[in-house]
Amino acid sequence: SSGINAEYGERAEGLENVEKTMNSAANITPNLGSDFMASLKGRLADKNMAVKTKAIGVMATLGKVLGAGTKKHKDLMVLLVPLLADSKKTIQSQVIEAMNIWVEHLTIRPLLTGEDLVAASTDNNPNIRTLLYTWLADQIKATKTPPKLPKELNLLVPGLYKSLEDRNPDVRKAAQACLPYIMAHVGFGGMMEKSSTLDTKSKKTIQDLLEKYKEEAEALAPKKAPKQKAPPKDDPPAKKAQADSLRSSTVEETDSGAESSVPSKKPAKKGLGKKPGAATAPSSKKKKKKK
């Protein structure tokens, strides 16, 4: 057993060194290499709790240093989900923290475009489903852009229906909390259609819940962006410029017309050999009468 413990110790130490290297590196490229990927996957599934804990820590650090580069390694992030099965609260919290770090850069959308979460949504372990639906509701709630989630979200509906009728009260509670968020994107009609294949008893239970959360789901549904009004045919600035131009033209025409309409004074006709005004000027001297 000492040899086995030594081997576990070596693996844990190796993970510590990897984490130190990542923390001190100025830049980590998304090209991690197949050997590193395979080794990390193995450590996440390790039977030794100390090694597994170190591997989860490496995943959290890797998500931070990769940033947008996490989009190339979605498969690594998915490996964290089964670890929610652990009954230890410290491990569960560590896994959720690592998942949040990855989704911060990766976003929730790539995880919903396939069947990455389908197996976990139907897993028999109640811890996985309780934590998954709680986490999923939080992530959908936080998703703002783009508003519409992938249609593959409906692949999680069968597992959700199973959890809504689960014996475990924590599973049922988490599933009900997640129900309106999933229905908001799948739609009430789509959810009802998925319930048509259930047996009579289950169908009534599920459809009653759908009716119960219908209004809440509609309120949470992504709103369509309002259509932008088309600009008026005559642009106001253009109208103003046109009016100014017309006003200026009218003034010019008016000024021009005023000048031409004022009658010009004709010069007075000159008298024959007399100065102007001589014929009409009265004589100031009276003629003397002859005696």
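For Met77, what is the net charge nearby, where nearby means another residue's Cβ is under 12 Å from its Cβ and Lys, Arg count +1, Asp, Glu -1?
With Lys, Arg at +1 and Asp, Glu at -1, the neighbours total +1.
At 0.36 nm per residue, minus the direct Cα-Cα distance, what do Glu115 and Ala45 gain on full extension? Give it in nm, one decimal, please.
Here the answer is 23.2 nm.
Between Lys212 and Lys224, how many nm apart are label points set 7 Å from Cα along the C-beta direction?
Here the answer is 3.2 nm between the modelled labels.
Taking K and R as +1 and D and E as -1, what net charge do the other residues with C-beta under 11 Å from the C-beta of Thr130 add up to?
Neighbourhood net charge equals 0.
Extending each Cα 7 Å along its Cβ direction at Ser93 and Lys71, get the distance between those two points in nm, one decimal.
Those two pseudo-labels are separated by 3.3 nm.
Of the cross-linked pairs Lys74/Lys214; Lys41/Lys148; Lys47/Lys141; Lys52/Lys72; Lys151/Lys214; Lys52/Lys74, which ones have a Cα-Cα span greater than 30 Å in the structure shown?
The pairs that break the limit, which is 30 Å between Cα atoms, are Lys74/Lys214; Lys41/Lys148; Lys47/Lys141.
Report, in whole Å, the centroid distance computed from the Cα atoms of the stretch 52-106 and the stretch 110-180.
When both Cα centres are located, 18 Å separates them.
Bear in mind these aren't lab numbers, they're just calculated from the coordinates by the rules spelled out. No experiment lies behind these values; they were computed from the predicted model shown. Cβ atoms come from the backbone with ideal geometry, glycine included; neighbour counts cover every protein chain shown.
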